[in-house]
Each structure stands twice: as C-alpha cells, then as structure tokens.
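Novice: Input: one structure, supplied below.
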Amino acid sequence: DQQKISIRFSTEQYFKVNVEATEEIGQFASETEAKLIFCSSVGVYGAIPKILPAHINTPFQHDNHYHYTKIEAESRVQRLVAAGLNCTTIRPAITYGEGDYGFPYTLVKMTDQGVFFLPPTPVKIHLADVDMLCQAFIAAAHRAQNPGSVYNVADLEPVELKSLVDFIHLQLKGKKYPQWKRLPTFVFRTGEKMAQLMNNELWKARFELISRSWFYEVNSTGKDLGLAQGPTIPTFDKVIHWYKSLRG
C-alpha cells in the first residue's frame, strides 16, 4: 500500500527499490535475453494529470517522491530498451481488491461511518480491478508487443465519485448517501495548500483525489492485451464484501 510505505520508508529507500533495483533487474533481463514486464504507475502523470483522459504521451509530473521514482525508473528502463531490452511497461491506476487498505478501503470505511464529504461538482475517477490487472501482466508476458510498449491499465471507463459512494452506501445501508454531505471547493483547495506548506505529500494527494477528476485512455490497452475490462460498478462490490467481513 503506497500510503503506508510512504510513512514507513525514507526517500532514499524508495529510490533504491523503485529506481536502482528496477534498473538492475532490467540489466539482468537484457543480459539473459528475458522479457521484462515493468510495473510502473499512472502516478507518472501526477496525482491529477494535465490532460484528461491521460494517454501514454501525457506530460509527466513529479509532484511527489513516489511519482518521481516511477518517472526515473521508466527513463532508465527505456534507455535499456534502446540498447536492446525487450520490455513492456504497465501503468496501473489505483487498484481495488481484497487485502488492500489504501484508497478504496478508506473510501468504503468513511462512507460506512458517514464521514466522507463530496465536492460540490461532479468528479470522475478511474480505478483498476486487481483481477483485471493480473490479466494484464499475464497477457503482456505471453503476447507480442513492440519493445518499449507502455499501457495504462484501468477499468473500462471512469466512474463518478458520487455514483460510487452511492453504490457503497446502498450495499452497506440500503440507501443512497445523503445529498447534503458536501463541502465547498475552497475547503479542498485549502487542504491541498496546507498539506503542501507542511510538505505532506500524502495528505495533498488525498485532497486532490476526492475533489478533482483523474482518468486515463485505456482503449488501446484492452485491444492490444485482450483484456476483459469491466465497469467499476458493480465490480467494486468485492471490496465492500471484504470490508463487511472485517467489520463483522
């Protein structure tokens, strides 16, 4: 889970794992003529991409250290590709499934407790079913792609945050989420600025992810990798069932 890792490990450890270790694995794959499937992240576009939907050539933004290390790792991998490495890069969106206590779990928990507040205007977000992501890795390993190919991996299409929150609340409480639980835009922007001033990358991203739209171009991914991409609703139900099993 990215949020827990960012708390537990230093920026130096991040760099060693995400950048230096990736480069070493890439060099070994090149020397042994193996194919490398590199797991990057849509975070290379920043928490909120400059272009929507973000496509593989959308400008990068190193708006936090995690995103910076993924950008640097991709750069080193592509240099190895230029020297002969056969590599396919997968950029997953925020992934949901059982066992992950990150953004999706937190969204379910806050909705259940009635403490999640929506922005005043519609926001679209783009998540990735973990089972579909696994299919993407397998397909990338077994299907032929041009060396250096890059794919964004996410569900069939983005979902409105309000629709997802309503779906969660319906499954847990039997009714839609209260319409009045919204906050003015300036509250979220103030939270972003305060987090930035405090150099708290985690909280800045949290405010951004629930108050701004973020989604990606994935049509070419489904076509090239032969993925069975489904809609977030009702697939997200697996997280809700898992959460209910934990709650008891």
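The values are calculated or read from the model by the stated rules, or taken from the named source; none is laboratory data. None of the values given here were measured: they were computed from a predicted structure. Every residue, glycine among them, receives a Cβ derived from its backbone with ideal geometry; neighbour counts consider all protein chains shown. The area values use the complete protein model at the heavy-atom level, side chains included, leaving out ligands, DNA and RNA. Shrake-Rupley method; radii C 1.70, N 1.55, O 1.52, S 1.80 Å.
Novice: Mind counting the residues in region 71-116 that are out of contact with any Phe, Trp or Tyr (no Cβ under 9 Å at 6 or more places or on another chain), in contact (Cβ under 8 Å) with a residue 24 or more places away in the chain, open to solvent by 60 Å² or more (accessible area, probe 1.4 Å) and closer than 26 Å to ILE168 by Cβ?
Specialist: Final tally of qualifying residues: 1.
Novice: In addition: Can you tell me which residues in region 162-192 are open to solvent by 40 Å² or more (accessible area, probe 1.4 Å) and touching a strand residue (DSSP E or B) at 6+ places or on another chain (Cβ under 7 Å)?
Specialist: Selection gives ARG182 alone.
Novice: Limited to region 151-161, what total is found for residues that are open to solvent by less than 30 Å² (accessible area, probe 1.4 Å) and either in contact with a helix residue (DSSP H, G or I) (Cβ under 8 Å, 6 or more places away or on another chain) or over 30 Å from ALA73 (Cβ atoms) (or both)?
Specialist: So in region 151-161, the residues open to solvent by less than 30 Å² (accessible area, probe 1.4 Å) come out as 151-155, 159, 161.
Narrowing further to those that are either in contact with a helix residue (DSSP H, G or I) (Cβ under 8 Å, 6 or more places away or on another chain) or over 30 Å from ALA73 (Cβ atoms) (or both): 151-155, 159.
Counting residues in region 151-161 that are open to solvent by less than 30 Å² (accessible area, probe 1.4 Å) and either in contact with a helix residue (DSSP H, G or I) (Cβ under 8 Å, 6 or more places away or on another chain) or over 30 Å from ALA73 (Cβ atoms) (or both) gives 6.
Novice: Separate question: Just checking, which of GLY26, GLY84 is outside any helix (DSSP H, G or I), over 30 Å from LEU246 (Cα atoms) and not basic (Lys, Arg)?
Specialist: Values: GLY26 fails: outside any helix (DSSP H, G or I).
Going through GLY26, GLY84 in turn, the sole match is GLY84.
Novice: Out of the residues in region 207-234 meeting the condition of being assigned to a helix (DSSP H, G or I), in contact (Cβ under 8 Å) with a residue 60 or more places away in the chain and open to solvent by 40 Å² or more (accessible area, probe 1.4 Å), tell me which one is farthest from LEU127 (Cα to Cα). Walk me through it before giving the result.
Specialist: Step one: filter region 207-234 for residues assigned to a helix (DSSP H, G or I), giving 207-209, 219-225, 232-234.
Subset that is in contact (Cβ under 8 Å) with a residue 60 or more places away in the chain: 208-209, 220-222, 224-225, 232-234.
Those still in the list that are open to solvent by 40 Å² or more (accessible area, probe 1.4 Å) too: 220, 224, 233-234.
Details: SER220: 17, ASP224: 19, ILE233: 11, PRO234: 13 Å.
Step by step, filter region 207-234, then rank; the result is ASP224.
Novice: Also, I was wondering about something else. Could you check, for region 44-67, whether at least one of its residues is part of a helix (DSSP H, G or I) and small (Gly, Ala, Ser)? Please lay out each step first, then the result.
Specialist: Going residue by residue through region 44-67, those that are part of a helix (DSSP H, G or I) are 44-45, 65-67.
Of the ones still in play, those that are also small (Gly, Ala, Ser) are none.
The answer is no, given that none of the residues of region 44-67 is part of a helix (DSSP H, G or I) and small (Gly, Ala, Ser).
Novice: Something else about it: Could you say which residue among ILE51, ILE56, ILE94 is under 30 Å from SER30 (Cβ atoms), under 17 Å from the mean Cα position of the chain (by Cα) and among the aliphatic types (A, V, I, L, M)?
Specialist: ILE56
Novice: Looking at ILE48, is it within 30 Å of VAL239 (Cα to Cα) and modelled with pLDDT under 95? First the steps, then the outcome.
Specialist: Working: within 30 Å of VAL239 (Cα to Cα): yes; modelled with pLDDT under 95: no.
When the stated conditions are applied, ILE48 does not pass them.
Novice: Further, regarding this structure: Those residues that are farther than 21 Å from VAL19 by Cα and open to solvent by less than 50 Å² (accessible area, probe 1.4 Å), I need them from region 37-57; list them, please. Walk me through how you get there before you give the answer.
Specialist: Filtering region 37-57 for residues farther than 21 Å from VAL19 by Cα gives 48-55.
Matches in region 37-57: ILE48, PRO49, ALA54.
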